[in-house]
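Reading through the structure tokens given below for one structure.
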Amino acid sequence: MTHTTPLSVSIIASIGALAMLGVVFELIRRRHLRERYSLIWLLTGVVLLVLAVWRQGLNTIAGWLGVKGYPPSVFFAALLFFVLVMLLHYSIVISRLSDQNATLAQRLALLEEEQRHRSARGAESEK
Amino acid sequence: MTAAALPGLAERRRLAIVPAFNEEGSLAAVIDEIRAFDPGFKIVVVDDGSSDRTSEIALARGVHVATLPFNLGIGAAVQTGYRFALANDFDLAVQIDGDGQHDPAELPAILAPVLAGEADLVIGSRFLGEGAFHSSFVRRLGIRLFALTVSAIARQRLTDTTSGFRAVNRRGIALFAADYPHDYPEVEAIVMVVKHRLRFKEVPVRMRERSAGRSSITALRSFYYIVKVLLALFVELFRPADVPQEDA
């Protein structure tokens, strides 16, 4: 038994995927999103678009993987994987940012202290 | 015991690192007591983003003050002190909390092994000597658990791994300036020291009840504290010793 995705679903999904790609592109253009963090979003958009346009796609891929009952579960599994990878990526980015943030704060505090002592010494030598 | 009775202390460039988060009530006394013990100690107060007058009080006492622009937590605050120590070429550094629980009169106990060259890090323990220590059940459990774990890793008996009353020599300063743990750093710092083949020693000290303010570790956070530290200790075992060591 083969299911072909209903045409209406394919059309709506294609529009959705194109809209998502458009939004990501616009965010990059306006510099709200850095290229390096946008790649995974563009990739996700492209994958969604391919699955929407290639109407036998889900069946074919489910067939390769031996999924018999419900072909769209392949799609959900892939989606979940993407989301997890993205979340992990953000945890890494946040960890790095907080390290850098702490180092910056420390240097600022030490520089301010040095500055204070220098100006205190300067004021004394002027007397 | 006064500073004069400690052989070798007078020749060393020595720094007291005083981390303080909203300690306007106790900080002045801590500074005065350190100076009373030994006027030769330079003092750096690291104000960890306090909202009270901690920095002003420290400045009025004429000590070095590193004011962090926002709260970074005790680990990063203490490391700021070690970076100051490294940049200004100090021979030894002691850590004394700004809340008054560490008694500067006990400094000889943690200084002596460093001055004698017996250890790179000396930890003042509440539990080695006499005197009771009151704490909640969860905290006591955590303290026991850390002591057992770290003792096993270090193959050396330890009783008070969470004590922040410490002294280090140049090697300790260099290590901690380069890398110091976050959040609840005291326990991990000991394991770091072991991994980098520095020597540590625990000595008995008496500590006081906090004179003002309250402990940053509430009952609710204790559980997170235990889990986080145990995880960090476990990961630390699989980490290479990556801070290069110069010979002392």
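The values are calculated or read from the model by the stated rules, or taken from the named source; none is laboratory data. Since the model is a prediction, treat every value here as computed from it, not as a measurement. A quick note on method: Cβ atoms are made from the backbone with ideal geometry, for glycine too, and the neighbour counts reach across all protein chains shown. The protein model used for the area step is the full one, side chains on, heavy atoms only, and it has no ligands, DNA or RNA in it. Shrake-Rupley method; radii C 1.70, N 1.55, O 1.52, S 1.80 Å.
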Out of (1) surrounded by 11 or more Cβ atoms within 10 Å (Cβ to Cβ); (2) over 18 Å from the mean Cα position of the chain (by Cα); (3) among the polar types (S, T, N, Q); (4) at pLDDT 80 or above, the odd one out for A:Thr5 is which? (4)
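Determine whether A:Leu110 is assigned to a helix (DSSP H, G or I), farther than 26 Å from A:Ser8 by Cα and open to solvent by 90 Å² or more (accessible area, probe 1.4 Å). Before the answer, list the steps.
Working: assigned to a helix (DSSP H, G or I): yes; farther than 26 Å from A:Ser8 by Cα: yes; open to solvent by 90 Å² or more (accessible area, probe 1.4 Å): no.
No: the conditions fail for A:Leu110.
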Counting just the residues of the stretch B:80-100 that are open to solvent by less than 20 Å² (accessible area, probe 1.4 Å) and facing another protein chain (nearest Cβ under 9 Å), which one comes out nearest to the chain's Cα centre (by Cα)? B:Thr80
Of those in the stretch B:66-79 that are over 19 Å from B:Asp179 (Cβ atoms) and facing chain A (nearest Cβ under 7 Å), the residue least open to solvent (accessible area, probe 1.4 Å) is B:Thr67
Given the conditions (1) buried (at least 17 other Cβ atoms within 10 Å of the Cβ); (2) among the aliphatic types (A, V, I, L, M); (3) in contact with a Leu (Cβ under 9 Å, 6 or more places away or on another chain), and given that B:Leu145 satisfies all but one, which numbered condition is not satisfied? (1)
With the first residue restricted to the stretch A:99-123 and required to be facing chain B (nearest Cβ under 8 Å), and the second required to be of a type in the set (Gly, Ala, Ser) and not in a helix (DSSP H, G or I), Cβ contacts under 8 Å at 6 or more apart or on different chains are A:Gln106/B:Ala66; A:Ala109/B:Ala66; A:Leu110/B:Ala66; A:Glu112/B:Ala66; A:Glu113/B:Ala66
Lone unmet requirement of (1) within 18 Å of the chain's Cα centre (by Cα); (2) away from chain A (no Cβ under 14 Å); (3) buried (at least 17 other Cβ atoms within 10 Å of the Cβ); (4) not small (Gly, Ala, Ser) for B:Leu15: (2)
Which of the residues that make up the stretch B:29-59 are small (Gly, Ala, Ser), open to solvent by 50 Å² or more (accessible area, probe 1.4 Å) and not in a loop (DSSP other than H, G, I, E, B)? B:Ala29, B:Ala36
Of residues in the stretch B:170-192 being more than 13 Å from the chain's Cα centre (by Cα), aliphatic (A, V, I, L, M) and more than 14 Å from chain A (Cβ to nearest Cβ), the one farthest from B:Asp91 (Cα to Cα): B:Val191
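Every residue in the stretch B:193-206 that is open to solvent by 20 Å² or more (accessible area, probe 1.4 Å) and either under 12 Å from the mean Cα position of the chain (by Cα) or not acidic (Asp, Glu) (or both), please. I'd like the intermediate steps shown before the answer.
Looking only at the stretch B:193-206, we keep the residues that are open to solvent by 20 Å² or more (accessible area, probe 1.4 Å), and these are B:194-195, B:197, B:199, B:201-202, B:204, B:206.
Within the stretch B:193-206, B:Val194, B:Lys195, B:Arg197, B:Arg199, B:Lys201, B:Pro204, B:Arg206 qualify.
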Open to solvent by 40 Å² or more (accessible area, probe 1.4 Å), touching a helix residue (DSSP H, G or I) at 6+ places or on another chain (Cβ under 9 Å) and away from chain B (no Cβ under 14 Å): does that describe A:Leu58? no
Scan the stretch A:56-101 residue by residue and report those that are within 18 Å of the chain's Cα centre (by Cα) and not hydrophobic (A, V, I, L, M, F, W, C). A:His89, A:Tyr90, A:Ser91, A:Ser95, A:Arg96
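Restricting the search to the stretch A:61-70, which residues are open to solvent by 60 Å² or more (accessible area, probe 1.4 Å) and either of a type outside the set (Lys, Arg) or part of a helix (DSSP H, G or I) (or both)? I'd like the intermediate steps shown before the answer.
As a first pass, look at the stretch A:61-70 and keep what is open to solvent by 60 Å² or more (accessible area, probe 1.4 Å): A:64-65, A:68-70.
The answer is A:Trp64, A:Leu65, A:Gly69, A:Tyr70.
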Being within 15 Å of the chain's Cα centre (by Cα) and touching a residue at least 60 places away in the same chain (Cβ under 8 Å) is the filter; apply it to the stretch B:148-169 and report the residue that is most open to solvent (accessible area, probe 1.4 Å). B:Asn169
